[in-house]
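*Asks:* First, the structure itself, so that you have it in front of you.
The values are calculated or read from the model by the stated rules, or taken from the named source; none is laboratory data. Note that the structure is a prediction, hence the values are computed from the model and not measured. Note: ideal-geometry Cβ built from the backbone for every residue, glycine included; neighbour counts use all protein chains shown.
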Amino acid sequence: MKRAEPAASPLRDAVLAQLLGGLMAAALIYLAWPRLWDIPLAAAAVQGACAALAAYKLESPPWWIAIHLLFVPLVVAAGTLSIAPAWYLAAFVVSLLVFWRTDKSRVPLYLTNATAAAAVAGLLPSRPCHVLDVGCGDGGLLRQLARARPDCEFVGVEHAPLPWLLARLRTLRLPNVTIRYGDFWSQHLGLFDVVYAFLSPAPMPMLWQKAVEEMNPGGLLVSNSFPVPDVEAERTASVDDRRATRLYVYRLGK
Ligand SMILES: C[S@@+](CC[C@H](N)C(=O)[O-])C[C@H]1O[C@@H](n2cnc3c(N)ncnc32)[C@H](O)[C@@H]1O
């Protein structure tokens, strides 16, 4: 079976939109409002508007347009504050350790809440089973599941260093949880009866293909919030939480 390609990184378009925005703004200010160079925040606002326009033309998602609109103006505004540069570096390093290669994976960090985790526990087979959380974040979900089902074995794979470390620490005392550092795409799914995913729309087609290729008939793929496009779920469970979470349950081999 031909493997689906991962979604392309949005970074190329982001850099392009910023460069085009800078060029357009420079030309506009040079030709129409040369005095704007004396007001850096106003010049930055023009660059932001031009970069947002470029992103719109490049058909970037709406949140990228908002980011382009604000990016350079916020950089210029932050430059006027007397904050030691080391704080910016520290904030960058912490963000990097938490979000890691979100540009590549297209999956940021957000966590399954306790009510949804209880609903996931209710979906597990009644017999002892093996469960994998692909991208386990801080391990909170696995910790709750492992306590609810001491008869089952739980594995979490996480590639972002800080959430991985937290997950390791939070599950140290639970003998039925293993947290692995790495890329879940390298984890064979055939060892698991249930694979849980709380990712984003981007990887769902490829995850489904991997599940079909590797999971045993009867295995369950449970996706929090993001359905597999063009595949009908065996069932969907509505969770009574604030965000009205939906769990999509797919049975393999049907
Ligand atoms: C939305 S969070 C969900 C966390 C946890 N499963 C939960 O439900 O609370 C998705 C996690 O997947 C991780 N992730 C994304 N792509 C990954 C990959 N290819 N390999 C390992 N982890 C990945 C992210 O770093 C993030 O921590």
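*Asks:* Take the stretch 153-175 and flag every residue that is touching a strand residue (DSSP E or B) at 6+ places or on another chain (Cβ under 6 Å) and not in a helix (DSSP H, G or I).
*Replies:* At the first step, the residues of the stretch 153-175 found to be touching a strand residue (DSSP E or B) at 6+ places or on another chain (Cβ under 6 Å) are 153-157, 164, 167-168, 171.
Once the filter is applied, which keeps residues that are touching a strand residue (DSSP E or B) at 6+ places or on another chain (Cβ under 6 Å) and not in a helix (DSSP H, G or I), the stretch 153-175 yields GLU153, PHE154, VAL155, GLY156, VAL157, THR171.
*Asks:* In addition: Scanning the stretch 83-103 for residues that are β-branched (Val, Ile, Thr) and modelled with pLDDT of 85 or more, which turns out nearest to PRO163 (Cα to Cα)?
*Replies:* VAL98
*Asks:* Just to verify a result, which residue in the stretch 76-110, among those that are under 15 Å from the mean Cα position of the chain (by Cα) and in a loop (DSSP other than H, G, I, E, B), is surrounded by the most Cβ atoms within 10 Å (Cβ to Cβ)?
*Replies:* VAL107
*Asks:* How many residues are more than 6 Å from the ligand (Cβ to nearest atom), among the small types (Gly, Ala, Ser) and assigned to a loop (DSSP other than H, G, I, E, B) when one looks only at the stretch 111-136? Give the steps one after another, and end with the answer.
*Replies:* So in the stretch 111-136, the residues more than 6 Å from the ligand (Cβ to nearest atom) come out as 113-132, 134.
The next check asks that each one be among the small types (Gly, Ala, Ser); those that pass are 114, 116-119, 121-122, 126.
Narrowing further to those that are assigned to a loop (DSSP other than H, G, I, E, B): 126.
Total meeting the criteria: 1.
*Asks:* Of everything in the stretch 137-158, what is out of contact with any Ser or Thr (no Cβ under 9 Å at 6 or more places or on another chain) and within 10 Å of the ligand (Cβ to nearest atom)? Give them in sequence order. Write out each step before concluding.
*Replies:* So the first thing to find is which residues in the stretch 137-158 are out of contact with any Ser or Thr (no Cβ under 9 Å at 6 or more places or on another chain), and the list is 138, 145, 147-152, 158.
Result: ASP138, GLU158.
*Asks:* Given the residues PRO108, PRO161, which is the only one that is within 11 Å of the ligand (Cβ to nearest atom) and not assigned by TED's automatic domain parsing to the domain that holds LEU247?
*Replies:* From the options PRO108, PRO161, the qualifying one is PRO108.
*Asks:* Let me ask something else about it. Please state which one of PRO61, PRO73, PRO40 is surrounded by fewer than 12 Cβ atoms within 10 Å (Cβ to Cβ) and not small (Gly, Ala, Ser).
*Replies:* None of the other options fit; the residue is PRO61.
*Asks:* On to the next question. Is there any pair with a first residue in the stretch 83-107 that is within 24 Å of CYS136 (Cβ to Cβ) and a second that is at pLDDT below 90 and away from the ligand (no atom under 14 Å from the Cβ) whose Cβ atoms are under 8 Å apart and which are 6 or more apart or on different chains, and what are they?
*Replies:* Listed pairs, sorted by first residue: ASP103/PRO10; ASP103/LEU11; ARG106/PRO10.
*Asks:* Quick check on CYS152: is it assigned by TED's automatic domain parsing to the domain that holds ASP241, free of Cβ contacts under 8 Å to residues at least 60 places away in the same chain and within 23 Å of the chain's Cα centre (by Cα)? Before you say what the answer is, go through the steps one by one.
*Replies:* Details: assigned by TED's automatic domain parsing to the domain that holds ASP241: yes; free of Cβ contacts under 8 Å to residues at least 60 places away in the same chain: yes; within 23 Å of the chain's Cα centre (by Cα): no.
No; evaluated as a whole, the condition is false for this residue.
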